[in-house]
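The values are calculated or read from the model by the stated rules, or taken from the named source; none is laboratory data. The shown structure was predicted, so the numbers you read here are calculated from the model rather than taken from an experiment. FYI the Cβ positions are ideal-geometry reconstructions off the backbone, even for glycines, and counts take in every protein chain you see. Ligands, DNA and RNA are stripped out before the accessible areas are found, and what is left, the full protein with its side chains, is counted by its heavy atoms. Shrake-Rupley method; radii C 1.70, N 1.55, O 1.52, S 1.80 Å.
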Amino acid sequence: MVTKNMPGGPADGSVIPSFAAHVASYIWDGKERDVLVCHTQSSACEKLKNWCKAIVHVVDESEDEELSSEDDIEIRTTVVNSGLCHLPNLMYKHIDAPLLSVFVETWQPDTNTFHMPFGEMTIILHDVAFILGFPIEGNMVSGTSDNALTRICGLLGVTETDLVEKNLYIGGGIHCYSIIKACRDEDDRAPETRAIGFLLVTLGSTLFVDKSGSRVQPTNIFELVDFEIVRCYAWGTATLAYLYRQLGVANRNGCMALSGCMMLLQAWIYEYFPCFRPHRERLVILPNAPRAAQWDVLCELKSMERLYSFRARLDSLTADEVIWLPYGQQPYEAHLRTLMTGFISHHWCY
């Protein structure tokens, strides 16, 4: 806990009391850390996309035509009505880890803002609405873990003992491929169970990615039970709260990885900072499509040289180089409520 002036930090140490453990303090002392491992679940997203295609088109080989079973129609209707089915297609296959690592170095968890050379900036709710294309207001996502394992056992058709003995449940998470296998490939599952499985893996592999690499947390299963109100939850607000938390963890000098919705962070950088955008033309998208879909992201080198280059560019950045209104002069016309009153809280129990 900082209580006095600290080199490289604020003159008044009480303003940012956690600065002593910040990676910026570590770098100021002449030390360095490697490029962060930015966790995504692109493989799971690919499986979800293929699963979604299979739901839409079921081929009857005997008649050589495309059919849809009643179960598939029910699953497709549920998934589409959830407002979440577009997320696997939206996630970037390639994440620019050096770029994100440099922005993490400027994040201050005491203020939940990026500390830029010209002032402070942060990702806010209307950024989430425009970039991801789903609600920022609605019912609170509780993220409770009470009885979540019991629900998961019913989803997979196994006992809690089987979860542990078969290594399906490790470190508080369920292997996403076991959920996909149970809910996509096994025909004895009811349509509503298979739809819950699809949505649970979707949330865990897009919005609430952890550092496991292949597991999803079971805590969201309660929000998915009642299909009538799935789209009534404030998924955007929960996504932002979770990302805030992960940024706060990743800028500690002993942390080597970043999780959360990487695509949201990377797309936000592209929207506001033209100098960091991919050197390619924007993709043409529909007017109301999520803004993340317009960026054609390449596979970039995860090298320290690129990190140093980004850091130097960020250190010299001026306010005149920022696009302050990337969504137009009146963003409130598309999303009226962009002012958050109260708290953006982190309720996740893992």
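Could we say that Ile131 is crowded, with 22+ Cβ neighbours inside 10 Å and in a loop (DSSP other than H, G, I, E, B) here? So Ile131 does not fit the description; no. When the residues of the range 94-110 are filtered to those that are under 16 Å from Ala20 (Cβ atoms) and modelled with pLDDT under 95, which remaining residue is most open to solvent (accessible area, probe 1.4 Å)? Looking at residues that are under 16 Å from Ala20 (Cβ atoms) and modelled with pLDDT under 95, I get Asp110. Applying a threshold of 6 Å to beta carbon distances and a minimum spacing of six or more residues, or different chains, the list of pairs starting in the range 160-180 at a residue that is of a type outside the set (Asp, Glu) and ending at one that is at pLDDT 75 or above and open to solvent by 70 Å² or more (accessible area, probe 1.4 Å) reads Ile180/Lys47. Within the range 113-124, is there a residue that is in a helix (DSSP H, G or I), touching a residue at least 60 places away in the same chain (Cβ under 8 Å) and surrounded by fewer than 21 Cβ atoms within 10 Å (Cβ to Cβ)? Scanning the range 113-124, I find no residue that is in a helix (DSSP H, G or I), touching a residue at least 60 places away in the same chain (Cβ under 8 Å) and surrounded by fewer than 21 Cβ atoms within 10 Å (Cβ to Cβ), so the answer is no. Given the criteria open to solvent by 50 Å² or more (accessible area, probe 1.4 Å), out of contact with any strand residue (DSSP E or B) (no Cβ under 6 Å at 6 or more places or on another chain) and either closer than 23 Å to Leu243 by Cα or assigned to a loop (DSSP other than H, G, I, E, B) (or both), does Glu305 qualify? Taking the combined requirement at face value, the residue does not satisfy it. When we screen Ala182, Ala195, Ala190 for residues that are closer than 19 Å to Ile73 by Cα, surrounded by fewer than 13 Cβ atoms within 10 Å (Cβ to Cβ) and either among the small types (Gly, Ala, Ser) or more than 25 Å from the chain's Cα centre (by Cα) (or both), the only hit is Ala190. Just one of the listed residues (Lys47, Lys31, Lys53) is open to solvent by 50 Å² or more (accessible area, probe 1.4 Å), more than 27 Å from Ile269 (Cβ to Cβ) and at pLDDT 90 or above, and it is Lys47. The sole residue among Cys255, Cys275 that is over 14 Å from the mean Cα position of the chain (by Cα) and part of a loop (DSSP other than H, G, I, E, B) is Cys255. Within the range 200-232, the set of residues being farther than 22 Å from Leu265 by Cα, among the β-branched types (Val, Ile, Thr) and assigned to a helix (DSSP H, G or I) comprises Thr219, Ile221, Ile229, Val230. Listed conditions (1) open to solvent by less than 10 Å² (accessible area, probe 1.4 Å); (2) touching a Leu at 6+ places or on another chain (Cβ under 6 Å); (3) at pLDDT below 90 are all met by Leu258, apart from (3).
Could you figure out which of (1) open to solvent by less than 10 Å² (accessible area, probe 1.4 Å); (2) in a loop (DSSP other than H, G, I, E, B); (3) modelled with pLDDT under 95 isn't true of Leu317? Only one criterion in (1) open to solvent by less than 10 Å² (accessible area, probe 1.4 Å); (2) in a loop (DSSP other than H, G, I, E, B); (3) modelled with pLDDT under 95 is unmet by Leu317, namely (3).
Within the range 233-252, the set of residues being open to solvent by less than 30 Å² (accessible area, probe 1.4 Å), closer than 30 Å to Phe19 by Cα and not in a helix (DSSP H, G or I) comprises just one member, Asn251. Within the range 71-92, not a single residue is in contact with a strand residue (DSSP E or B) (Cβ under 8 Å, 6 or more places away or on another chain) and modelled with pLDDT of 90 or more. Residue selection: Gly197 fails the criterion of being touching a strand residue (DSSP E or B) at 6+ places or on another chain (Cβ under 8 Å), assigned to a helix (DSSP H, G or I) and either in contact (Cβ under 8 Å) with a residue 12 or more places away in the chain or not charged (D, E, K, R) (or both).
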